[in-house]
Every structure is written in C-alpha cells, then in structure tokens.
Amino acid sequence: MIVLALEVEKQLGALTLAVRFQIAGGVTALFGPSGAGKTSLVNMIAGLLKPDRGSIVLDDITLFDAAKAVNLPPHRRRIGYVFQEGRLFPHLSVRQNLDYGRRMSGRPRDPTEFERVASLLGIFHLLHRRPRLLSGGERQRVAIGRALLMQPRLLLLDEPLASLDAGHKGEILPYLVRLRDEAAIPMVYVSHIAAEVRQIATSVVRLDDGCVAATGGLELLADAR
Amino acid sequence: MLDLSPAEWTAVELSLRIALVATAWALPFGIAIGWLLARAKFWGKTVLDGLVHLPLVLPPVVTGYLLLIWFGRKGPIGGFLYDHFGVIFAFRWTGAALASGVMGFPLLVRPIRLALEAIDRRLEDAAATLGANPLLVFVTVTLPLALPGIIAGVLLCFARALGEFGATITFVSNIPGETQTISAAIYTFLQIPDGDAAAGRLVVVAIVLSLAALIAAEWLGRRASARFHGE
C-alpha cells in the first residue's frame, strides 16, 4: 500500500529540485550527499516549504497540489518531524515538551500511551528537567518522543544523529530500530551516512543534485560508504 | 520615616495609578507594534518606526500640545471617543495616563521588538508541525520566549510613565487630586515659599520608586531568561 506519493519541483537558488517517488510503510531512507535537497524535500512534506509545482498525497489525503491550489498548513498535516537539532522548547519542561502535540490538538490525556513512549525511549527520569540540562542524545530521544506522541500519520527524521558525537549516535539507533519494529508508523529517515541507513532503513530513495538517482532496497548502498 | 502629608500621598497614589493604567493599556499595542516592526514587511514601516520613536526625541511640551489638539473634548479623536464611549481625557487623570503611555511607548516597543527578532523561528516551525495553529504558536512559543523583553519594556515604560512631566502638564494641567502627579507636585512645591521640605520628601519617594522599578526589571529579566538556561 502506498503511504506517500510525491511529485514536486522547486527552484532553490542554483539547485533545481525535481523529485518523484512513492513510499510504502516501514522506514524509507532519503539518502544522498549534503546539498542534494534532502532537508528541503522533508520540509515540503511537512508543509514548511512550498513547492513550485507538483503534488504531495499522504494516505489518500492531498497535502499539496499546485494545480488545484491545495496547500494544507503544517499544523493540519499531522506529520511528526524530528529535526536535526531537536528544537525542544527551551521554556518548557521535558514533560511539557512531550505533551505539546496532544495539548495543541485538544486530545485528552492518555497516560498509557505516554508511559509506553517514555519507556520505549528511556526518558522517564528526565520528565521534570529543562531541555538545556539534557545531553545531546537525551535531547534527541525527547524530540522523537514528542513527535511520536502527537500520533502522526508519518514520521520525518532529518539526520537525527547529525548533531551527536559518535558515542551518542550509538545511544539513539537502537531506539529507532525498536520504534521501527514496534510502532506501525511509516518513517522517512534523512541521512548521508550509509552505515546509519543500513541499520534502520527498509527501503532507500537515493537523491543526487535535486533528482532521484535510484529507488529500491538496501542493495542501493552497496557501493556507498 | 517619611512623613507624607495627605496631599503628598494623593500625588504618590495618583502617580502609581496613572503609570499602571498607562502601562497596562500600552502593553497590547506595544506587543502588536513590536511584532509588526520585527516580523512584518510592509510599505511605510520606516515611517511607523519613526512615529513610535517620535515621543522620545520631540520636546515633551510638543507631544502634550498635540495630544491636547487631538484628544481634547473637541479634538478629532477626543471628540469621537467622547461622543461614542463617553471617555474624557482633557484635564482628567485618564489624560495623564494617555500622555504617560505615549511617552513611555518607545521604551516599551524597543525591547519587545528586539526580543521578537532574537527568537529562533525554527521553534515556531516545530510548534506548527506539532499541530499548533498560528495563534497557538504565538501564545505558547513566541510570547513566552519574548517574555524577558516584554518584562524589560513594561518596567521601562512604567518608570518613564511614573516620571512623566512635560507632556502631562501641557495636556491635562496640574490639578491636585486629578492630574497632579509626583513630578507636578514637586514642581508646584518648588514654586511656593517653604515648599522645600515637601518637595524633598517627594523627591525621595520618586528616587525610591524609580530605583525599585529598575531593580525589579533587572531581577525579573534575569529570572525569565534563567528559565531557558536550566531551572
């Protein structure tokens, strides 16, 4: 079953982004060198960047369609987004950060779900802290939890390990693998590091210079480092 | 300690009330204008910026005179407000509050604008992806993050309003119990023989109040920004 169907064009300075692909469930890696347009692409899926042309459809819901002048704002897309730098709200505690999506959509509290996510990510002991006092790895785990708890239809992870040092990278990956195996949420995982993608992805979209170079399975990474 | 006469107490109480009301009314406008100057792009932005800062550089007596023309009972704005809402500014304490608010406005807007400009817009994007509509983003992310600037602006505006003299006395005169603030009372006492002692007492009050406002600004600002850097 197709979860996300995307066909977009966008001029970004010197880079012409013209991309078309579809993804099913599981974890799809958007793989390619820096500057290939990966982050711009996930920003378009999230609704933070508007394509010049094309369409984006998620679960049969049109998020964007230039021809029909449809452009759902980000707050109505229900797409979880884990940013490279976490972007936790500095004025809120960890618990309030985790609760933010639920509060904004006006859903009632769900302690079971909250506990499930908090224990899956091992962040129970951090709930009363402020983001500033967290290590890089803890911060990213909270960011993942915050995105999960909004009950997204799709989870976007934009190089979630890029801001971490080698030791902390190893701290996050097992959680992401568990997430892939336990949660039924389709994910788009942006990365330029083949070793990372091998551990987490189930399919791969290779981007190069604003275009899709190849789509397929992990065999696409055979020659990549 | 300070043995103020009833008339002097009235001036102190009136000053505080005028400064509080002026600041409270100015705040929503200050946030709106600060936001426009920090975020919006529109024709005439430089003009708006200039107008906001004008009371800072104009002689206060000019500001007071302009208020008198526009907000007097028969003025274009004052007349409208009286006819439709029964609001009177001329020679009332409300007029003193208006004059103080206008004079304090530039000091209110500037820190708010700077705070809004310093906010990491990417946090607002993150809030949007989490399901917050633009109004909720503003209330739950933008405003709290701008809080140190808002507090600084509020206290500067309050302190300025507390000490306002020129525009106030031009616009609403110097009526004991109605528009005679601490500054106006000091001025009056200095005009009469043997008024030195009374003026001196009010001078002490003025120093204490201004100093308290500055210390409060410093302390609250520190506390608000400390929230972002740990408990």
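No lab work stands behind these numbers, since they all come straight from the coordinates. Treat the numbers as computed from the prediction; the structure is a model and nothing was measured. As a convention, Cβ positions derive from the backbone with ideal geometry for all residues, glycine included, and neighbour counts pool all protein chains shown.
Based on this model, can you work out whether A:Met150 counts as surrounded by 18 or more Cβ atoms within 10 Å (Cβ to Cβ), in contact (Cβ under 8 Å) with a residue 24 or more places away in the chain and not in a helix (DSSP H, G or I)?
yes
Against the list (1) without any contact (Cβ under 8 Å) to a residue 60 or more places away in the chain; (2) more than 13 Å from chain A (Cβ to nearest Cβ); (3) part of a helix (DSSP H, G or I); (4) not hydrophobic (A, V, I, L, M, F, W, C), the condition B:Gly153 fails is (1).
The helices (runs of 4 or more DSSP H) falling completely within segment B:165-231 that include 2 or more residues that are within 30 Å of B:Ala118 (Cα to Cα) and of a type in the set (Gly, Ala, Ser) map to B:196-226. Scanning segment B:57-103 for residues that are surrounded by fewer than 21 Cβ atoms within 10 Å (Cβ to Cβ), under 18 Å from the mean Cα position of the chain (by Cα) and not in a helix (DSSP H, G or I) yields a total of 3.
Suppose the filter is within 29 Å of B:Ala11 (Cβ to Cβ), among the charged types (D, E, K, R) and more than 18 Å from the chain's Cα centre (by Cα); does B:Arg223 pass it? So B:Arg223 fails the test.
Does A:Ala147 fit the bill of being in contact with a strand residue (DSSP E or B) (Cβ under 9 Å, 6 or more places away or on another chain), among the small types (Gly, Ala, Ser) and away from every other protein chain (no Cβ under 12 Å)? Spelling it out, it is not the case that A:Ala147 is in contact with a strand residue (DSSP E or B) (Cβ under 9 Å, 6 or more places away or on another chain), among the small types (Gly, Ala, Ser) and away from every other protein chain (no Cβ under 12 Å). For segment B:162-171, the condition holds for no residue, the condition being that it is farther than 19 Å from B:Trp25 by Cα and of a type in the set (Asp, Glu).
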